[in-house]
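**Student:** The structure under discussion is supplied below as structure tokens; questions concerning it will follow.
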Amino acid sequence: MNSETENILIIGACGQLGTELTLALREMYGAAQVIASDLQCRVPVLAESGPFEQLDVLDSRKLGQLVDTYKISHIYHLAAILSATGEKNPKLAWDVNMAGLLNVLELAREKKLKKVYWPSSIAVFGPHTPSQQTPQYAVMDPNTVYGISKQAGERWCEYYFQKYGIDVRSLRYPGLISYKTPPGGGTTDYAVEIYHKALEGEVYECFLKEKTYLPMMYMPDAVKATIQLMEAEAAKLTVRSSYNVGAISFSPEEIAAEIKKHISTFSIRYKPDYRQQIADSWPSSIDDSVARADWAWQPEYSLPTMTKDILSNLRKLKM
Ligand code: NAD
Ligand code: AKB
């Protein structure tokens, strides 16, 4: 452990985002510099490729001990209860999402951490938000406990930046799509499950209606955006709540049609459930011009290039 360089703690590292972000940060900064943590180590590669610590973010004493032991300078706080799971257990979602963030922000203030990363979500928007090309600054009336916690979290991040000078940075991710780690209970999870079912030769039963457009992003773009934001010069950042970041927008019928170009026998049927109402309250597409202007954000993947990449990689993994 080198105390002169960045020592990074990732909280919630075993999740869909954390698994890939941890490995990318270990590549960049060295494995010993990047401490992965989660409730349990569900992803063996994270303990095999570098330090891993069991941590509940609600345990502020243990969090403080880890920061001291590893001389942590940067925290990536990813632990959260996502939208669909949150609606089943609103109290748990509020406690984990809110108290967890406040523990991290307080610790950053006490221990004078150099930087904190905390992700927000398109879930901060609601039914009265303009749904097409949703601007950076728009009406926010989230109606899920997850969205309410993310909106409040954004306000806390900006508060800690303005009051205490904590260098907190944040992105409002759209639905993240990956093939390496399963998603954790969100409304956009269908766009991950669909690829697995297609390769298993099964009909995919989609929990959203065929024309439900949502903003989405392939995981390599999400990892790139996160690292780019964290590396950006502080003086260039004009948003200290959370940046809109966009990439792709599509509906279930469009992703199914794209998969059919590769697997002609694939078929989908629709059985919308409680997640339809959540999806209907979220934007269809995102205006991320502020992120593009401030730190040169530019996504790489489209629906066709993402689909080709996921299917070829999943085929190799399933062989
Ligand atoms: P995930 O559900 O896959 O992973 C979250 C991780 O947090 C899990 O490994 C879980 O074990 C851990 N965790 C839960 N409670 C904890 C606690 N009390 N202490 C420590 N760890 C705990 O979520 P994800 O998709 O990787 O999302 C990561 C972050 O990105 C979250 O803040 C989420 O809100 C945000 N985000 C994700 C998406 C997406 O589509 N995946 C979109 C927008 C925002
Ligand atoms: C969810 O669906 O809850 C997440 C998100 C968009 O925040 N994928």
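**Student:** Checking ALA247 against (1) over 14 Å from ILE177 (Cα atoms); (2) within 16 Å of ligand 1 (Cβ to nearest atom); (3) in contact with a helix residue (DSSP H, G or I) (Cβ under 9 Å, 6 or more places away or on another chain): exactly one of these is not met. Which one?
**Tutor:** Here ALA247 meets the rest and fails (1).
**Student:** If a residue must be polar (S, T, N, Q) and closer than 22 Å to TRP282 by Cα, how many such residues does the range 62-110 contain?
**Tutor:** Adding up the residues that qualify gives 4.
**Student:** Only residues in the range 23-44 that are at pLDDT 95 or above count as the first member; pair them with residues that are part of a strand (DSSP E or B) and of a type in the set (S, T, N, Q), Cβ under 9 angstrom, at least 6 apart or cross-chain, and list the lot.
**Tutor:** From the range 23-44, the pairs are SER37/GLN54; ASP38/GLN54; LEU39/GLN54; GLN40/GLN54; CYS41/GLN54.
**Student:** Only one of (1) open to solvent by less than 10 Å² (accessible area, probe 1.4 Å); (2) farther than 30 Å from LYS111 by Cβ fails for LEU171. Which number is that?
**Tutor:** It is condition (2) that LEU171 fails.
**Student:** Specify the residue that is surrounded by the most Cβ atoms within 10 Å (Cβ to Cβ); the eligible residues are those in the range 104-138 that are part of a strand (DSSP E or B) and more than 16 Å from ligand 2 (Cβ to nearest atom).
**Tutor:** The selected residue is VAL116.
**Student:** Okay, moving on. I'd like to know if the range 236-254 contains one or more residues that are within 20 Å of PRO174 (Cβ to Cβ) and open to solvent by 50 Å² or more (accessible area, probe 1.4 Å).
**Tutor:** Within the range 236-254 (the criterion being within 20 Å of PRO174 (Cβ to Cβ) and open to solvent by 50 Å² or more (accessible area, probe 1.4 Å)), the answer is yes, since at least one residue qualifies.
**Student:** In the set ASP167, ASP189, which member is more than 14 Å from ALA222 (Cα to Cα), within 11 Å of ligand 2 (Cβ to nearest atom) and at pLDDT 95 or above?
**Tutor:** ASP189
**Student:** Pick out, from the range 4-87, the strands (runs of 3 or more DSSP E) lying fully within it that include 1 or more residues that are touching a Lys or Arg at 6+ places or on another chain (Cβ under 8 Å).
**Tutor:** Correct list: 34-38, 74-77.
**Student:** For the range 194-207, does any single residue satisfy the condition of being of a type in the set (Lys, Arg) and assigned to a helix (DSSP H, G or I)?
**Tutor:** Scanning the range 194-207 turns up at least one residue that is of a type in the set (Lys, Arg) and assigned to a helix (DSSP H, G or I).
**Student:** Also, I was wondering about something else. Could you figure out which of (1) within 16 Å of ligand 2 (Cβ to nearest atom); (2) surrounded by fewer than 21 Cβ atoms within 10 Å (Cβ to Cβ); (3) closer than 30 Å to ILE75 by Cβ isn't true of THR226?
**Tutor:** Exception for THR226: condition (2).
**Student:** I need the full set of residues from the range 111-129 which are more than 16 Å from ligand 1 (Cβ to nearest atom) and either in contact (Cβ under 8 Å) with a residue 12 or more places away in the chain or touching a Ser or Thr at 6+ places or on another chain (Cβ under 7 Å) (or both), in order please.
**Tutor:** Passing the criteria: LYS111, LEU113, LYS114, LYS115, PRO127, HIS128.
**Student:** In the list LEU21, LEU92, LEU78, which residue meets the criterion of being of a type in the set (A, V, I, L, M, F, W, C), near ligand 1 (Cβ under 10 Å from one of its atoms) and more than 15 Å from the chain's Cα centre (by Cα)?
**Tutor:** LEU92
**Student:** I want to confirm something. Restricting to the range 139-156 and keeping residues that are in a loop (DSSP other than H, G, I, E, B) and in contact (Cβ under 8 Å) with a residue 60 or more places away in the chain, which single residue is surrounded by the fewest Cβ atoms within 10 Å (Cβ to Cβ)?
**Tutor:** So, considering only residues that are in a loop (DSSP other than H, G, I, E, B) and in contact (Cβ under 8 Å) with a residue 60 or more places away in the chain, the one surrounded by the fewest Cβ atoms within 10 Å (Cβ to Cβ) is ASN143.
**Student:** Right, something else. Return yes when GLU231 is loosely packed, with under 14 Cβ neighbours inside 10 Å and away from ligand 2 (no atom under 14 Å from the Cβ) and no when it is not.
**Tutor:** Against the criterion (loosely packed, with under 14 Cβ neighbours inside 10 Å and away from ligand 2 (no atom under 14 Å from the Cβ)), GLU231 qualifies.
**Student:** Still on this model: Please state which one of GLY18, GLY50 is buried (at least 17 other Cβ atoms within 10 Å of the Cβ), in contact with a strand residue (DSSP E or B) (Cβ under 7 Å, 6 or more places away or on another chain) and touching a residue at least 60 places away in the same chain (Cβ under 8 Å).
**Tutor:** Matching residue, one of GLY18, GLY50: GLY18.
**Student:** Another question about this same structure. When you look at ALA198, is it open to solvent by less than 70 Å² (accessible area, probe 1.4 Å), over 23 Å from LYS224 (Cα atoms), touching a strand residue (DSSP E or B) at 6+ places or on another chain (Cβ under 8 Å) and touching a residue at least 12 places away in the same chain (Cβ under 8 Å), yes or no?
**Tutor:** When the stated conditions are applied, ALA198 passes them.
**Student:** In the range 65-81, what count of residues is obtained for those that are surrounded by 23 or more Cβ atoms within 10 Å (Cβ to Cβ) and among the aromatic types (Phe, Trp, Tyr)?
**Tutor:** Adding up the residues that qualify gives 1.
The values are calculated or read from the model by the stated rules, or taken from the named source; none is laboratory data. Because the structure is predicted, anything quoted here is derived from the model rather than measured. Don't worry about glycine lacking a Cβ; one is built from the backbone with ideal geometry, like all the others, and counts go over all protein chains shown. Only protein heavy atoms, including side chains, enter the accessible area calculation; ligands, DNA and RNA are left aside. Shrake-Rupley method; radii C 1.70, N 1.55, O 1.52, S 1.80 Å.
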